[in-house]
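Worksheet: the structure to be examined is printed underneath.
The values are calculated or read from the model by the stated rules, or taken from the named source; none is laboratory data. Everything numeric here is computed off the predicted structure, so don't read it as measured data. Every residue, glycine as well, gets a Cβ built from its backbone with ideal geometry; the counts of neighbours run over all protein chains shown.
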């Protein structure tokens, strides 16, 4: 039994066992005969389970990680990670309310309660930890560079100094570019950086390598990713500041998904189409 299910309210546990004795479990409506987890009263997990639905912030313009699909719901690795977390709350994916969350509004959405958690290529850093808490990390990315396919002049971050480069407002990559000495054109989404790159208004787009790989794959033959990643970007899952119980619950879910193969399956069915699988980083139990 996982750590998150040890904290079961005794009376509720007895009730679950009593109900289990009265039914075969074949009519449970789920894929498993295992009783739904029971959480301590007052926790975020208990509130979400009781509501039977969850609101998740993710990106809608990030190929491979979070991209709006034919149904209107997003698809990608971040989306699959969110589904795993929801399932451990006893919430089916049909009861997930997906809220488009761009880099600049991730913290406000969490603070204001507009979303219950955020999975959105969300780099963990000390500044953000002042206003939100993070579970994870669940993936380690690195900042890289996207240029036009015929551009052989830019091969590393050193070639961006003094040059116009596009990134996203409120993102770690934009801050890194400013520190590097690039002239940063900021926009709301990375997809909106592509037209300035096509027109020559900027010489490159710079953000995490996995995001750029998705953009290049979506526009085959038009762009290329160059150079080696020049930062480390640990992706975390944002929750309300100091919601330790919820953060630790998500960490437990991540670790179980690493062990039982759900994490690798989520990767292979999404980002694995373009990027090799790598073992996930250890979660941080700060």
Only unsatisfied item for residue 212, checking (1) free of Cβ contacts under 8 Å to residues at least 60 places away in the same chain; (2) touching a strand residue (DSSP E or B) at 6+ places or on another chain (Cβ under 9 Å), is (1)
Can you find a residue in segment 208-216 that is buried (at least 16 other Cβ atoms within 10 Å of the Cβ), within 20 Å of residue 140 (Cα to Cα) and not assigned by TED's automatic domain parsing to the domain that holds residue 170? no
With the condition being under 20 Å from residue 104 (Cα atoms), I'd like the strands (runs of 3 or more DSSP E) fully within segment 127-243 carrying at least 3 qualifying residues. 132-141, 164-168, 183-187, 204-208, 233-240
Quick check, is residue 102 modelled with pLDDT under 95, over 25 Å from residue 52 (Cα atoms) and either out of contact with any helix residue (DSSP H, G or I) (no Cβ under 6 Å at 6 or more places or on another chain) or surrounded by fewer than 20 Cβ atoms within 10 Å (Cβ to Cβ) (or both)? yes
Tell me whether segment 141-148 contains one or more residues that are assigned by TED's automatic domain parsing to the domain that holds residue 214, surrounded by fewer than 22 Cβ atoms within 10 Å (Cβ to Cβ) and over 26 Å from residue 127 (Cβ atoms). yes
Taking residue 77 as the residue in question, decide whether it is closer than 15 Å to residue 238 by Cα, under 13 Å from the mean Cα position of the chain (by Cα) and crowded, with 19+ Cβ neighbours inside 10 Å. no
Can you tell me which of 133, 171, 156 is within 16 Å of the chain's Cα centre (by Cα) and assigned by TED's automatic domain parsing to the domain that holds residue 219? 171
Would you say residue 123 is within 13 Å of the chain's Cα centre (by Cα), closer than 22 Å to residue 191 by Cα and surrounded by fewer than 20 Cβ atoms within 10 Å (Cβ to Cβ)? no
Residues in segment 230-261 that are touching a helix residue (DSSP H, G or I) at 6+ places or on another chain (Cβ under 9 Å), under 30 Å from residue 155 (Cα atoms) and surrounded by fewer than 18 Cβ atoms within 10 Å (Cβ to Cβ) total 2
Taking only segment 254-286 into account, find how many residues are modelled with pLDDT under 95, part of a helix (DSSP H, G or I) and closer than 25 Å to residue 126 by Cα. 0
